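Everything on this sheet refers to the single structure shown next.
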Amino acid sequence: MKYLICLFMLLILSCATKRAVDYPIKPVPFTSVKLTDAFWRHRLDVNRQVTIPASFKKCQETGRIANFEIAAGMREGEFQSPFPFDDSDVYKIIEGASYSLATFPDAELEAYLDDLIAKIAAAQEDDGYIMTWRTIDPNKPPTTWSGTAERWSDIGGGHELYNVGHMYEAAVAHYQVTGKRHFLDVAIKNADFIAETFGPGKLMSPPGHEEVEIGLVKLYRATGDNKYLQLARFFIDQRGNAQGHELYGPYSQDHAPVYEQNEAVGHAVRAGYFYSGVADVAALTGERTYVDAIDRIWDNVVSKKLYITGGIGAQRHGEAFGANYELPNATSYNETCAAIANVMWNHRMFLLKGHAKYLDVMERTLYNGLISGVSLEGDTFFYPNCLAFDGKMPFNQGSTTRKEWFDCSCCPSNICRFIPSLPGYFYAQQQDTIYVNLYAANEAVFSLGSRQVKIIQETEYPWDGKITIIIDPGKAAPFTIKLRLPGWANQPVPSDLYSYIEAGERAAHLTINEDPQEIEMHNGFIALTQTWSPGDCIQLDVPMAVRKVMSHELVTENVGRMALERGPIVYCAEAVDNLGTISNLALRLDSQLQSEYLDHLLHGVVVLNGRAVRLDEPNREQDFRAIPYYAWNHRGVGEMAVWLPIVGAH
Ligand code: FUB
Ligand code: ZN
């Protein structure tokens, strides 16, 4: 109850803070949506019960928490972990734990956070600066540090601003959920200090790794202090601006001013956070050139640099985007953090522009290249998410399986904070219009003026495309419900990068109170405007056929190969299901594949069964099975492939 009162007060406060412009479409708070389904509920439970506690434990064991204690003078010692940005892992886990508290009050966790936040506050220097390794001993930097002992001596590589960006996000989350100001005050003190240090005529360098922009916008929204928004804008405008710093180059998206950028380049997580920050600042300032730039860059990604799993960042070297159509499978990097960044960015693009194509990309990333990053048990992680594996190459930072933690553990801590925020991606609202963006069984509550509208979704999505939505507005009332017709019903992605081999629309079917309705599409949504009465029932049926996908011919590795999809799920073949090897298997163009739900397998999945041709023994076939890509590597180490050879193709 205490949490709900806090959230309510914050809602009133944020409404009272007058802002000229903002996202035209507002996300619905994640606290207003209760997932009741088997698929996501499991992920949320496991994140709360396993991933967050295990990650805090790892921070304890690896010295990440001790670093704050030592910097605070609470104990003796040296900086204990390998990277200058290791403080950020602690911040991200606090952010996730705070979200988790909002839905699952837990006095023990709350007390643990209080204690940790007290250590962080004590580690903050008097002027607001915070970066534990430097406070501990500026002359003994982590081995991976490239600057000098001076503060801000390596703004391009040092992560001082990256760290605090994550701190602002965590502090705002903690404040919003608990109503306690102690962490927020640390964030404000630091941000005020950063605002005194950076700006026109002061330090002019943007951070090498974007993130602070997103954090500053959240701080602005929480406090109403315009200085933070202006600082975020300053950092964006400094990127690619040689007046004030020596450009870092494309790796940090610092090769040209944002309004001149057309192509996604460089480190993929940096890029994804940058484009998200640009979207936030564009929404809050109305800066049109920002919107145009991220639109162009989005087109480039979606038509030339997006894996079918929704992953981004083809190159291991530099954890970076590759050239156009450079989408290798075995060596694909697809960092889990980059998938999270891609979801954040596409969500913001939707809030800016209202088109469902962004949600199509978001959904693809979510169900495939993002959740592949964490095991079904929530205790092990992929850092890169490859699309092909020979059963031998240790692709996951030296391992052939998911690992409990990494020296650079940005991905596990990012999972900790992303998963509990997921319910907030399901719906959005624009005045009297409710957008239904994602599908899963859930109950949600919306405020339409003074009216509360409750929506109940019943569905087996992602395994079945039948969706029932029951509406309860209290009393009959007119408003609009916009249902996203999932893009996969017609084409894999909103570009020619991938296409279905057997083209053709699979007609969706819509009824309201059992009366069949014409489906009229606008920007990827079916808009239903009418007076809604308690108990009104919408049924949308989007047939989930098995679809064979091929790539644009310029994706050379995929020539002569197909991938398999069903609904939002991308499939892969694993050796364990296919007589121990898959490198000798091919599919016919007209292979018949049947879907089958197996509740005992991999926490319940739909598998695809059929026959494959043996390449090593012509004319011989064998049984074939594909499983959801996100669930691979749970049953031992063996070959895996998303793109499978087509018999007779080259
Ligand atoms: O540099 C901080 C984080 O570490 C990046 O976002 C990840 O890609 C990893 O390099
Ligand atoms: Zn990462």
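The values are calculated or read from the model by the stated rules, or taken from the named source; none is laboratory data. Just so it is clear, the model here is predicted, and its values are computed rather than measured. All Cβ positions, even for glycine, are placed from backbone atoms using ideal geometry, and neighbour counts span all protein chains on display. These area figures cover heavy atoms from the full protein model, side chains too; ligands, DNA and RNA do not enter into them. Shrake-Rupley method; radii C 1.70, N 1.55, O 1.52, S 1.80 Å.
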- Item | Members of region 361-387 found to be more than 16 Å from ligand 2 (Cβ to nearest atom) and assigned to a helix (DSSP H, G or I), listed by number | VAL361, MET362, GLU363, ARG364, LEU366, TYR367, ASN368
- Task: Within region 168-176, identify whether any single residue is part of a helix (DSSP H, G or I) and over 28 Å from the mean Cα position of the chain (by Cα), and answer yes or no.
- Result: no
- Message: Which of the numbered conditions does ALA503 fail, given that it passes all the others? Conditions: (1) aliphatic (A, V, I, L, M); (2) open to solvent by less than 20 Å² (accessible area, probe 1.4 Å); (3) assigned to a loop (DSSP other than H, G, I, E, B).
- Response: (2)
- For region 554-650, please list each of the strands (runs of 3 or more DSSP E) lying entirely inside it that holds at least 3 residues being open to solvent by 30 Å² or more (accessible area, probe 1.4 Å). 594-598, 605-614, 621-628
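To keep it simple, each residue is scored yes or no on (1) more than 16 Å from ligand 1 (Cβ to nearest atom); (2) open to solvent by 20 Å² or more (accessible area, probe 1.4 Å); (3) over 30 Å from MET167 (Cα atoms).
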{"position": "ARG417", "(1), (2), (3)": "no, no, no"}
{"position": "PRO423", "(1), (2), (3)": "yes, no, no"}
{"position": "ALA428", "(1), (2), (3)": "yes, no, no"}
{"position": "ASP432", "(1), (2), (3)": "yes, yes, yes"}
{"position": "GLY449", "(1), (2), (3)": "yes, yes, yes"}
{"position": "GLU460", "(1), (2), (3)": "yes, yes, yes"}
{"position": "ILE471", "(1), (2), (3)": "yes, no, yes"}
- Residue, farthest from ligand 1 (Cβ to nearest atom), within region 397-415, restricted to residues that are not in a loop (DSSP other than H, G, I, E, B) and not hydrophobic (A, V, I, L, M, F, W, C): LYS403
- Query: Only one residue in GLU125, GLU150 is in the same structural domain as GLU246 (by TED's automatic domain parsing) and more than 20 Å from ILE188 (Cα to Cα). Which one?
  - Reply: GLU150
- Item | Residue that is nearest to HIS42 (Cα to Cα) [pool: residues in region 597-622 that are touching a Lys or Arg at 6+ places or on another chain (Cβ under 9 Å) and not aliphatic (A, V, I, L, M)] | ASN609
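Here's the yes/no breakdown for (1) without any contact (Cβ under 8 Å) to a residue 60 or more places away in the chain; (2) in a loop (DSSP other than H, G, I, E, B); (3) touching a strand residue (DSSP E or B) at 6+ places or on another chain (Cβ under 8 Å); (4) farther than 22 Å from SER205 by Cα:
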residue: ARG75; (1), (2), (3), (4): yes, yes, no, yes
residue: LEU109; (1), (2), (3), (4): yes, no, no, yes
residue: ILE120; (1), (2), (3), (4): no, no, no, yes
residue: THR143; (1), (2), (3), (4): no, yes, no, yes
- Message: If I go through region 249-283 residue by residue, how many of them are in contact (Cβ under 8 Å) with a residue 60 or more places away in the chain, within 16 Å of ligand 1 (Cβ to nearest atom) and surrounded by fewer than 22 Cβ atoms within 10 Å (Cβ to Cβ)?
- Response: 1
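For (1) surrounded by 18 or more Cβ atoms within 10 Å (Cβ to Cβ); (2) away from ligand 2 (no atom under 16 Å from the Cβ), each residue gets a yes or a no:
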position	(1), (2)
ILE155	yes, yes
HIS159	yes, no
MET167	yes, yes
VAL177	yes, yes
PHE183	yes, yes
ASN190	yes, yes
PRO206	yes, yes
GLY215	yes, yes
GLN230	no, yes
- Select from region 321-360 the residues that are assigned to a helix (DSSP H, G or I), within 16 Å of ligand 2 (Cβ to nearest atom) and polar (S, T, N, Q) and list them in ascending order. THR336, ASN342
- Within region 392-404, the residues that are open to solvent by 30 Å² or more (accessible area, probe 1.4 Å) and more than 12 Å from ligand 2 (Cβ to nearest atom) are LYS392, MET393, PRO394, GLY398, THR400, THR401, LYS403, GLU404
